[in-house]
Amino acid sequence: MKSCRRLFLRCLRLGHRRKCRFLGRFLDYLRYGRLCVVSLAYNSFTNSDVIIDSLFEPIYWLVDHVTRWFGIVFVALVIILTSSIVLIVYICVLPLILQTYSTSWICWHVCYGHWNLIMIVFHYYKAITTSPGYPPQNKLDIPSVSVCRKCIAPKPARTHHCSICSRCILKMDHHCPWLNNCVGHYNHRYFFSFCLFMTMGCIYCSISSRVMFQEAYTAIETYNQTPPPSFSFRERAFHKCIIYLWVLCSSVALALGALTLWHAMLITRGETSIERHINKKERKRLHAKGKVFNNPYSYGRCQNWRIFFGVEIEQHWISRVLLPSSHPPDGNGVTWNAPSWTQNKQKSLLAI
């Protein structure tokens, strides 16, 4: 009887301890929440941007982690979709071109189509495998404009921290999930060239298969007629493949074409996507003071394109732009001096 009473009292004591422990933890969470609210409400450095960033921090964390883990899926999706279009062109479109077109048109289609395909594959492979460039970690004498708050390391001009890659990127433009890689100093040219040639390839496929698409769409509309048309399984598969090819290529041409035009405008201005927003704010700030903003990394429209593609002489427009080329970009991404072959030279300045 005494042993049962002791066991009962021990259980009550254990339950009381668990209850007190749970209550203490709950009170700790309340104190922590109150501290966060007070720090946001009464901090002299707090403004609306800080509060909004703090509220959206869980969403940013979720997007960063989803993008990081699904990057491989996006790359596989690009490879699968591109391969399916290439197979349809070889199996369905090319035989009709060889049967119906003249010799000159056949040569043009074969040469242009394969050249465009080689440029797409080369630049996509280089864009996903080339490192965007990272600031040197062991050197303490590198010129920097600030210190990264997350890496706790000097941050050179035009360098920004990527929350998905968890490190600073030289001349960072953005993190591309379709590459599963950041677009930075050393692979920016590969990324833009891939977008450009992929857009050109999609437009080419859409125009080349336009008549076949119209015929296939008309044939598919007759599938539910009575009596049904006498199309074989092969003919039905052909019709659906042509529809799939035209719809996918036209959609990608519109979406990727708009992205390519946006980046072409940035290259013309000598900016990256991040610098576009920074320079826009700085332009407004200086305009309010009656001053004019001057981008220290812009050397004129033509010179910006030459620097971006690495065109030092006229022959490089063919060997480095129209043909696959692995030449590195000008500079090391840490210091930004005007190339020796540019006509309009500017002093080396640091970004804002």
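Here are a few things to note about the model shown:
- When residues of segment 82-99 are limited to those that are β-branched (Val, Ile, Thr) and more than 19 Å from THR199 (Cβ to Cβ), the one nearest to the chain's Cα centre (by Cα): ILE91
- Residue that is most open to solvent (accessible area, probe 1.4 Å), among those in segment 285-317 that are of a type in the set (Phe, Trp, Tyr) and not in a loop (DSSP other than H, G, I, E, B): TRP317
- Of the numbered criteria (1) modelled with pLDDT under 90; (2) surrounded by fewer than 17 Cβ atoms within 10 Å (Cβ to Cβ), the one VAL211 fails is (1).
- Where strands (runs of 3 or more DSSP E) fall wholly inside segment 130-227, the ranges with 1 or more residues that are closer than 30 Å to TYR112 by Cβ and not small (Gly, Ala, Ser) are 174-176, 181-183.
- Residues that are hydrophobic (A, V, I, L, M, F, W, C) and not in a helix (DSSP H, G or I) within segment 228-248 comprise just one, PHE231.
- Qualifying residue in segment 276-284 (condition: over 27 Å from TYR190 (Cβ atoms), over 22 Å from the mean Cα position of the chain (by Cα) and surrounded by 13 or more Cβ atoms within 10 Å (Cβ to Cβ)): yes
- Among residues of segment 246-270 that are under 23 Å from GLY184 (Cβ atoms), those with a beta-carbon under 6 Å from a residue that is in a helix (DSSP H, G or I) and hydroxyl-bearing (Ser, Thr, Tyr) at least six positions away or on a different chain give the pairs LEU256/THR199; THR260/THR199.
- Every condition in (1) touching a residue at least 40 places away in the same chain (Cβ under 8 Å); (2) surrounded by 21 or more Cβ atoms within 10 Å (Cβ to Cβ); (3) not charged (D, E, K, R) is met by ALA216 except one, and the failing one is (1).
- Output for segment 221-274, where each listed residue is touching a Phe, Trp or Tyr at 6+ places or on another chain (Cβ under 7 Å) and within 20 Å of SER83 (Cα to Cα): ILE242, ILE243, TRP246
The values are calculated or read from the model by the stated rules, or taken from the named source; none is laboratory data. As the structure is a computational prediction, the values presented were derived from the model and not from experiment. Note that we place each Cβ from the backbone using ideal geometry, even for glycine, and neighbour counts take in every protein chain shown. Each accessible area value is taken on the protein alone, full model and side chains, heavy atoms only, with ligands, DNA and RNA left out. Shrake-Rupley method; radii C 1.70, N 1.55, O 1.52, S 1.80 Å.
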